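J.: Have a look at the structure that comes next, please.
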Amino acid sequence: MNLRDFLQELEKEKKLVHVEKEVSVEYEAANVIYSLNEKPVIFDHVKGYPFKIFAGITSDRDIIAQGLGTTKDKLLAKLVDALRHPKQPEMITNAPCQEVVVKDPDLSTIPLLFHLDGDGGRYGSATVATIKDPETGRNVCYHRLMEIGKNKFTARLIKKRQTRTTYDKTDEDIEMAVCVGNSVAVMIAASLGPPPGVDEFSLANALDETKMVKCVTKDLEVPAESEFVFEGRITRNLDREGPFVDLTETRDFERQEPVFVVDCITHRKDAMYQALIPGRLEHKMLMGMPKEPTIYDEVSKVVSCKNVLVTMGGGSWLHGIVQIQKQHPDDGKKAIEAAFNGHKSMKHVVVVDDDVDIYDPQAVEWAIATRFQGHNDMIMKPDQPGSSLDPSGKHEEGKKTLTTKIGIDATIPSDVDKKKYEIVKYKTVDLHDYLR
Ligand SMILES: Cc1cc2nc3c(=O)[nH]c(=O)nc-3n(C[C@H](O)[C@H](O)[C@H](O)COP(=O)(O)O)c2cc1C
């Protein structure tokens, strides 16, 4: 379902909040989004701007599933299927996102948000960025953008991610187009992080039809129904980026990052700007949830994988739970290694049997308490490349963060009396027979 139809559907089902009162982009909009617990919202009147702002369309699994035309229990299967069967999108020439073309762009006309006191500037954060790598082709992912001038942002390009890798291979500027105001399919696809060479827009199109259009000034393609497109170049100039809050809800520090010069902005006539507050639900869902199918795929190559969860408690990035149907003694350990392959930034993973509810943290803890012995069932991997987001990692300027990874095999050991490991079950009685 495209974004406009989806918002209409949410409106009909009374799942969309309209804020009619005028709001400011300086902290106020972010605070209202936070106070609404990131329910889908549209701000009808934004102080100083003709554009509406919306947020919250990927803030929980139910809404994401609805946006992809499925249900929560079928979401993992739908994502796995898209990853296995990407579909090349259709190109069109007459696109809503190019109804208005601004060739001398001025970012002060765009309702970028100031999110929190202490941020380095106004930020774009629901920013789906696309580039072309001469060897691996089109890449799509998120890069937060901090406004630093009339037509300039600094772009956070994390090391080893595709945009940074492409940028580091050359001395030239790199063309980049940033789309803001996207369908759920585009937003999810942009955060899937498939292997290099897999086109995320083809994943978006496999999730839900996503037509594309050529940019006006760059040799790049963007979803035809995006609300705004910022066409520009990542230059060789560096400037201040940050501080800004990241996924762990801790403050990411100021760095020198490449300057993204915006040469042209295209948008719909009645464009709606998309906000996404950093560190909170929507950011967490978009980071962690799309890693579940990539972990599932890797684990399925070595054992029978039943389910995967990237947990909110681990910042929706650092911790995973993998549920398997154990058939061989070393299945748990194989699953651990594969899970780390499926999500390179994961730091701790717990593998459980299929009688353990992975959505219940107490059940997972119970499995660790009753089925796990540290000296036998733990894999510890020191000095691994890890997540830049973990404050406890070893961070050195210009180098990949190092971390210790731990895998916990909390499955029932083989060659034991399985009965001893099963949770007993009382019967529920009809209390009417016992109480007055
Ligand atoms: C809301 C959101 C914001 C993100 N911001 C950034 C960012 O500023 N810089 C960055 O390098 N990655 C950022 N990411 C992560 C990348 O989009 C993600 O890791 C990507 O899938 C990596 O894939 P790639 O290696 O193919 O580029 C963000 C992700 C989300 C969901």
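The values are calculated or read from the model by the stated rules, or taken from the named source; none is laboratory data. Note that this is a predicted model, so its numbers are computed, not measured. Using ideal geometry, Cβ is built from the backbone for each residue, glycine included, and neighbour counts are taken over all protein chains shown. The accessibility values were calculated without ligands, DNA or RNA, using every heavy atom of the protein model including side chains. Shrake-Rupley method; radii C 1.70, N 1.55, O 1.52, S 1.80 Å.
J.: Whole percent per 5 Å bin, from 0 to the bin with the longest distance: what is P(r) over all C-alpha pairs of segment 93-137?
T.: 5, 14, 13, 20, 18, 14, 11, 4, 1
J.: Right, here's the next one. Keeping all protein chains in place, calculate the accessible area per residue for the chain (probe 1.4 angstrom), answer in Å².
T.: Details: 20050 Å² over 436 residues.
Per-residue value: 46 Å².
J.: Something else: Using a cut-off of 11 Å between beta-carbons, work out the net charge of the residues near Gly315 (Lys and Arg +1, Asp and Glu -1, Gly315 not included). Could the numbers behind the result be given before it?
T.: Working: positive: Lys284, Lys347; negative: Asp246, Glu249, Asp390.
Residues near Gly315 contribute -1 overall.
J.: In whole Å, what is the distance between the alpha-carbon centres of segment 214-228 and segment 50-99?
T.: 17 Å
J.: Could you list the trypsin sites (Lys or Arg not before Pro) in segment 67-98 that lie in coil according to DSSP, counting only those with at most 16 other Cβ atoms within 10 Å of their Cβ? Please list the in-between numbers first.
T.: Numbers: sites: Lys72, Lys74, Lys78, Arg84, Lys87; in loops: Lys87.
Loop-located and lightly packed - Lys87.
J.: Give the accessible area for Thr130 in Å² (nearest 10); use a 1.4 Å probe, count only protein heavy atoms, and leave out ligands, DNA and RNA.
T.: Accessible surface of Thr130 is approximately 0 Å².
J.: What list of whole percents do you get for P(r) of segment 1-119, with Cα-Cα distances grouped in 5 Å bins up to the one holding the largest distance?
T.: 2, 9, 15, 17, 16, 17, 13, 9, 3, 0
J.: Going down the list Lys72/Lys419; Lys78/Lys333; Lys381/Lys425; Lys211/Lys334; Lys284/Lys399, which pairs span over 29 Å between their C-alpha atoms? Could the numbers behind the result be given before it?
T.: Values: Lys72/Lys419 32 Å; Lys78/Lys333 27 Å; Lys381/Lys425 38 Å; Lys211/Lys334 40 Å; Lys284/Lys399 25 Å.
Where the Cα-Cα span goes over 29 Å, the pairs concerned are Lys72/Lys419; Lys381/Lys425; Lys211/Lys334.
J.: Among the GluC sites (Glu not before Pro) within segment 137-244, which fall in a DSSP loop and have no more than 16 other Cβ atoms within 10 Å of their own Cβ?
T.: Values: sites: Glu147, Glu172, Glu175, Glu200, Glu209, Glu221, Glu225, Glu227, Glu231, Glu241; in loops: Glu172, Glu209, Glu225, Glu227.
Listed in order of number, the matching sites are Glu172, Glu209.
J.: Separate question: Restricting attention to the alpha-carbon atoms of the chain, what are Rg (one decimal) and Dmax (integer), both in Å?
T.: Rg, Dmax (Cα atoms, Å): 22.9, 82.
J.: I've got another one for you. In segment 218-311, which trypsin sites (Lys or Arg not before Pro) are in a loop and have at most 15 other Cβ atoms within 10 Å, using DSSP for the loop call?
T.: Values: sites: Lys218, Arg233, Arg236, Arg240, Arg251, Arg255, Arg268, Lys269, Arg280, Lys284, Lys291, Lys301, Lys306; in loops: Lys218, Arg268, Lys269, Arg280.
Filter output for segment 218-311: Lys269.
J.: Just by accessible area at a 1.4 angstrom probe, what is the order of Tyr49, Tyr426, Tyr123, Tyr359 from largest to smallest?
T.: Correct descending sequence by accessible area is Tyr426, Tyr359, Tyr49, Tyr123.
J.: Next question, about the same structure. Can you give me the angle between helix 3-12 and the longest principal axis of the chain, using Cα atoms only, in degrees from 0 to 90, rounded to the nearest 10?
T.: 70 degrees
J.: Next up: Within the chain, what whole-number % of the accessible surface is contributed by carbon and sulfur, with the 1.4 Å probe and all protein chains included in the calculation? Show your work: numbers first, answer last.
T.: On the way: 10040 of 20050 Å².
C and S atoms contribute 50 percent here.
J.: Related question: Please give the calculated 222 nm ellipticity per residue for the chain, where each DSSP H segment of at least 4 residues contributes -39500 (n - 2.57) and the sum is spread over every residue; nearest 500 deg cm²/dmol? Don't jump to the answer; show the numbers that get you there.
T.: On the way: 12 runs with 104 residues, N = 436.
Using -39500 (n - 2.57) per qualifying helix, the result is -6500 deg cm²/dmol.
J.: Under 14 Å Cα-Cα from Lys87, which aspartates and glutamates qualify once same-chain neighbours fewer than 8 residues away are excluded?
T.: Answer for Lys87, where 14 Å is the Cα cut-off: Asp199, Glu200, Asp208, Glu209, listed by chain and number.
J.: Given a 10 angstrom Cα cut-off, can you work out which residue in Gly288, Gly313, Gly124 is the most mobile in a GNM of the chain?
T.: Highest fluctuation of the listed residues: Gly313.
J.: Do you know the Lys pair count in segment 94-192 for C-alpha distances under 26 Å, with sequence separation 8 or more or different chains?
T.: Value for segment 94-192: 12.
J.: Okay, moving on. Going by alpha carbons, how many degrees (0 to 90, nearest 10) lie between the helix axis of 291-302 and the longest principal axis of the chain?
T.: Helix 291-302 sits roughly 50 degrees off the main axis of the chain.
J.: Quick one: if you stick a label point 7 Å off each Cα along the C-beta vector at Phe253 and Lys420, how many nm between them?
T.: 5.1 nm
J.: If you don't mind, there's one more thing I want to ask. For every other residue with a beta carbon closer than 10 angstrom to the beta carbon of Ala335, add +1 if it is Lys or Arg and -1 if Asp or Glu, then tell me the sum. Don't jump to the answer; show the numbers that get you there.
T.: Details: positive: Lys326, Lys333, Lys334; negative: Glu298, Asp330, Asp331, Glu337, Asp409.
Net charge in that neighbourhood comes out at -2.
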